[in-house]
1. In the calculated pair distance distribution of the stretch 144-196, what percentage of Cα-Cα distances lie above 17 Å?
2. Give the lysines reachable from Lys170 as a straight Cα distance under 26 Å; neighbours fewer than 8 places away on the same chain don't count.
3. 7 Å from Cα along Cα→Cβ at both Asn134 and Lys163: what's the point-to-point distance in nm?
4. Search the structure for amide H atoms under 5 Å from the amide H of Ile7, placed 1.01 Å from N in the peptide plane, and list their residues when 5 or more places away or on another chain.
5. Taking trypsin sites (Lys or Arg not before Pro) that fall in a DSSP loop and have at most 13 other Cβ atoms within 10 Å as cut points, what is the longest piece of the chain between them?
6. Among the chymotrypsin sites (Phe, Trp or Tyr not before Pro) in the stretch 191-230, which ones are in a DSSP loop with at most 10 other Cβ atoms within 10 Å of the Cβ? Mind listing them?
7. Compute the Rg to Rh ratio over the chain from the alpha carbon atoms, using the Kirkwood formula for Rh, and round to two decimal places.
8. Please express the shape of the stretch 62-116 as an equivalent ellipsoid: the semi-axes are the square roots of 5 times the eigenvalues of the C-alpha gyration tensor, given largest first in whole angstrom.
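Taken together, the values in this text are just the output of simple stated rules run on the coordinates, not laboratory data. Please read these numbers as outputs of a predicted model, since none were measured by experiment. Here the Cβ positions follow ideal geometry from the backbone for every residue, glycine too, while neighbour counts run over all protein chains shown.
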Amino acid sequence: MNNTAVIYVRVSDPSQVDNFSLDSQESACRKKAGELGYTEVKVFREEGISAKTIEERPQLQEALAYCKVKNNCVSAFVVYSFSRLSRKTIDFLTIKAFFKKAGISLVSIVEPSGDNPENELISTIISSINQFDNEIKARVVKANMKARFMQGFPLGKPKLGYKLGIVEGKSCPIPDEPLFSVIKSMWPRIAEEKLSLNQIQREFMKLAYKEYATQSLHGVFTSKFYYGIL
């Protein structure tokens with residue numbers, strides 16, 4: 001009998017890689033594989049990969065490729081939960097169909113799994129709920145980002161001359177001295193002295209004691225952000 005189980009574990013946030021999330025997933029999956037009688041185990045760990053599609057997950061692609069090789073004798077694919085495979089229903093069902101055609105059982109630690117019609121239905125419903133939950137979270141994040149933007153806070157990494165700081169209990173960009181003052185002093189000089197990008201670059205070397213690419217400086221002095229428009 002085939003007795004090989006493939007284990008796939010994943011965390012989407014790089015900050016989770018160093019904690020016990022991946023290891024705890026793998027431990028639970030190894031225990032389940034042992035309970036089901038599989039003596040050979042191949043583990044694929046997706047560490048800190050946040051991807052919208054299954055094609056963007058190298059370890060998942062490698063795991064599926066491993067399953068395609070008949071000589072590897074894979075008969076079970078074990079995950080901690082169906083959401084570790086994908087939160088998109090169509091991707092989950094595509095992978096599930098591949099396993100069914102290949103005669104590989106998809107096993108979840110925390111959800112009912114199996115090849116009978118009832119479990120097929122349950123896994124499809126769970127996959128749909130996972131996608132729904134993901135889309136609701138995305139909508140909330142988008143609304144929060146818009147609200148923050150409308151309050152006058154720029155989104156993303158602070159612009160050159162600024163750094164993140166806490167003002168009135170909120171994280172927001174604050175002047176990063178001495179670079180902030182250098183940039184501020186350059187605006188009237190550019191207008192009055194008609195400085196070229198190369199001249200601006202040399203001035204930055206003298207005033208900020210650091211070299212910046214002309215392309216980066218062009219982005220600074222053509223950005224609407226620096227005169228108050230988000």
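1. It works out to 50 percent of all Cα pairs.
2. Cross-link targets: Lys137, Lys142, Lys146, Lys157, Lys159, Lys184, Lys224.
3. Here the answer is 3.7 nm between the modelled labels.
4. Lys42, Val43, Phe44, Val78
5. 53-193
6. Here the sparse-neighbourhood loop sites are Tyr209.
7. 1.19
8. In descending order, the three semi-axes are 18, 12, 11 Å.
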